[in-house]
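Enquirer: Handing you this structure, nothing more for now.
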Amino acid sequence: MTVPELTFHPSVRAALDQGQPVVALESTVISHGLPWPENLELARRMEARVRENGATPATVALLQGQIRIGLADDELRHLAQAKDIWKISRRDYAVALAQKRDGATTVAGTLIAAQWAGIRVFATGGIGGVHRGNGTDISADLPELARTPVVVVCAGAKAILDLPATLEWLETHGVPVVGYGTDEFPAFFSRTSGLKLEARADSAEAVAALAHQLFGLGLGSGMLVCVPCPAEAARPAGEMERAIAAALGEAEAQGVRGKAVTPFLLARVSELTHGDSKAANLALLENNAAVAACIAAALNRLER
């Protein structure tokens, strides 16, 4: 694997050099997922949750065509306020680097950078997946999970997606999906979906043991660790499904397509639930960062 030039924040470089646990964090949620100043406040809190639980945060982004592994606070602020930030997935790296763009990494883009940097654990909110409809619109997050050996800690796939089809895709392409303290695939805003999982782990140490075994086999895939949204912030599945159905209808009527679909739906669902879905999103993002740090620390202890 060819590794491009990476620019590390000093804290991340020191942690990796010393064999200490590091957690990768995406930046699309900062630039494209939330309004100012909530986006910056969230980015700071997620990094704080990682530190509080024994790991070093490494928020990933592109700044002036440089792949940055870990950001200073003024760089987080730039991503939160600037209006011309690209979304960086696999297809976008070459163009963005050549044109010296600023970019926020998606789940797929962050997975790639984490592997380049030697980071084994990554925390996000919810992964992309198979969109509702005829099943042909599939997020780039899924194939990246199938070929990148990184543990991805999330609250399942975004609930606006086709969750059964997403799980089926992951199974077909050999990605282990592990419920963290649950036997069901979480539905992002909601703790349950009715979709049963075959693998469960009830501690960070148990997840670390699974990841260590997976990486040792050399199969090349990542592992999805699904953490239910914290109970105090989670919303009932029926309530969320009604809001999602209404938002999907509006998106279709307005001709929303491509990259605009997900942000449109999430924003509209937040409006329809009077902010309850946004509160759930914020809570699960922070919780996932904390769980990921515990897993990274446990994996570090196991492998040392």
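The values are calculated or read from the model by the stated rules, or taken from the named source; none is laboratory data. As the structure is a computational prediction, the values presented were derived from the model and not from experiment. Here the Cβ is made from the backbone with ideal geometry for all residues, glycine too, and neighbour counts use every protein chain on show. For accessibility, only protein heavy atoms count, side chains too; no ligands or nucleic acids. Shrake-Rupley method; radii C 1.70, N 1.55, O 1.52, S 1.80 Å.
Enquirer: Work out, in µm²/s and without decimals, the Stokes-Einstein translational diffusion coefficient of region 117-170 at 25 °C, 0.890 mPa s, Rh from Kirkwood over C-alpha pairs.
Expert: Translational diffusion coefficient: 211 µm²/s.
Enquirer: Using the Kirkwood radius built from alpha carbon pairs, what does the Stokes-Einstein equation give as D for region 1-64 at 25 °C and 0.890 mPa s, in µm² per second? Intermediate results must be reported in sequence, preceding the final value.
Expert: Numbers: Rh = 12.9 Å.
After rounding, the answer is 190 µm²/s.
Enquirer: Send over a whole-number figure in Å² for the accessible area per residue of the chain, probe 1.4 Å. If you can, show how the numbers build up before the last one.
Expert: Working: 12780 Å² over 304 residues.
Per-residue value: 42 Å².
Enquirer: Once you have all Cα-Cα distances for region 155-303, histogram them in 10 Å bins from zero and send the whole-percent values.
Expert: 11, 36, 34, 15, 4, 0
Enquirer: Principal axis lengths of region 54-209 from Cα atoms, whole Å, largest first?
Expert: For region 54-209, the Cα spread along each principal axis is 44, 42, 27 Å.
Enquirer: With a sphere of radius 13 Å drawn around the Cβ of A290, what net charge do the other residues whose Cβ falls strictly inside it have (Lys, Arg +1; Asp, Glu -1)?
Expert: 0
Enquirer: If one puts a single equal scatterer on every Cα of the chain and applies the Debye formula without solvent, what log₁₀ I(q)/I(0) results at q = 0.08, 0.15 Å⁻¹?
Expert: -0.30, -1.19
Enquirer: Then there is this: For a quick check of understanding: with a 1.4 angstrom probe and all protein chains in place, what accessible area in square angstrom does S31 have, to the nearest ten?
Expert: For S31, solvent-accessible area is about 30 Å².
Enquirer: Search the structure for amide H atoms under 5 Å from the amide H of V256, placed 1.01 Å from N in the peptide plane, and list their residues when 5 or more places away or on another chain.
Expert: Amide H neighbours of V256, under 5 Å, 5+ apart: none.
Enquirer: Per DSSP helix of 4 or more residues, -39500 (n - 2.57); summed, then divided by the residues of the chain. What does that give at 222 nm, rounded to the nearest 500?
Expert: Helix contribution divided over all residues of the chain: -14500 deg cm²/dmol.
Enquirer: How much length is gained if the chain between T136 and R44 is pulled fully straight, taking 0.36 nm per residue apart and subtracting their Cα-Cα distance, in nm to one decimal?
Expert: 29.5 nm
Enquirer: So how do S190, S11 rank on accessible area, 1.4 Å probe, biggest first, that is with the largest at the start? Show your work: numbers first, answer last.
Expert: Numbers: S190 5, S11 55 Å².
Largest accessible area first, the list is S11, S190.
Enquirer: Related question: Could you calculate the FRET efficiency of D17 with A209 from 1/(1 + (r/R0)^6), where r is the beta carbon distance between them and R0 is 30 Å, rounded to 0.05?
Expert: 0.70
Enquirer: Largest first, what is the accessible-area ranking of E250, E171 with a 1.4 Å probe?
Expert: E171, E250
Enquirer: Also, quick follow-up: Can you list the residues, at least 5 places off or on another chain, whose amide H is less than 5 Å from the amide H of E184, using H built in the peptide plane?
Expert: Amide H to amide H, under 5 Å and 5 or more residues apart or across chains, E184 pairs with L197.
Enquirer: To continue, here is another question. Subtract the Cα-Cα distance of L217 and R91 from 0.36 nm times their separation in residues, and report this length gain in nm to one decimal.
Expert: Value of the extension gain: 42.5 nm.
Enquirer: What residues of region 158-188 lie in the reach of a label at E250, counting those whose backbone N is under 16 Å from a point 7 Å from the Cα along Cα→Cβ?
Expert: 160
Enquirer: Where in region 260-304 does the amide nitrogen come within less than 15 Å of the point 7 Å from the Cα of E52, taken along Cα to Cβ?
Expert: 282-294
Enquirer: Given the options E252, E286, E184, state which has the largest fluctuation in a GNM of the chain using a 10 Å cut-off (strictly under) for Cα springs.
Expert: E252
Enquirer: If one computes P(r) from the Cα atoms of region 243-304, what percent of pairs lie at distances over 14 Å? Write out the running numbers ahead of the final one.
Expert: Values: 1253 of 1891 pairs.
Within region 243-304, distances greater than 14 Å cover 66 percent of Cα pairs.
Enquirer: Return the Rg/Rh ratio of region 1-145 with Cα-based radii and a Kirkwood Rh.
Expert: Reported Rg/Rh (Cα atoms, Kirkwood Rh): 0.96.
Enquirer: Continuing with the same structure: List the residues whose amide H sits under 5 Å from the amide H of L71, counting only those 5 or more places along or on another chain, with H placed 1.01 Å from N in the peptide plane.
Expert: T59
Enquirer: So what does E205 come to for accessible area, using a 1.4 Å probe and Å² rounded to 10?
Expert: The value for E205 is about 100 Å².
Enquirer: With no solvent and one point per C-alpha, what does the Debye sum give as log10 I(q)/I(0) for region 163-205 at q = 0.22, 0.25 Å⁻¹?
Expert: Calculated log10 I(q)/I(0) at the listed q: -0.74, -0.91.
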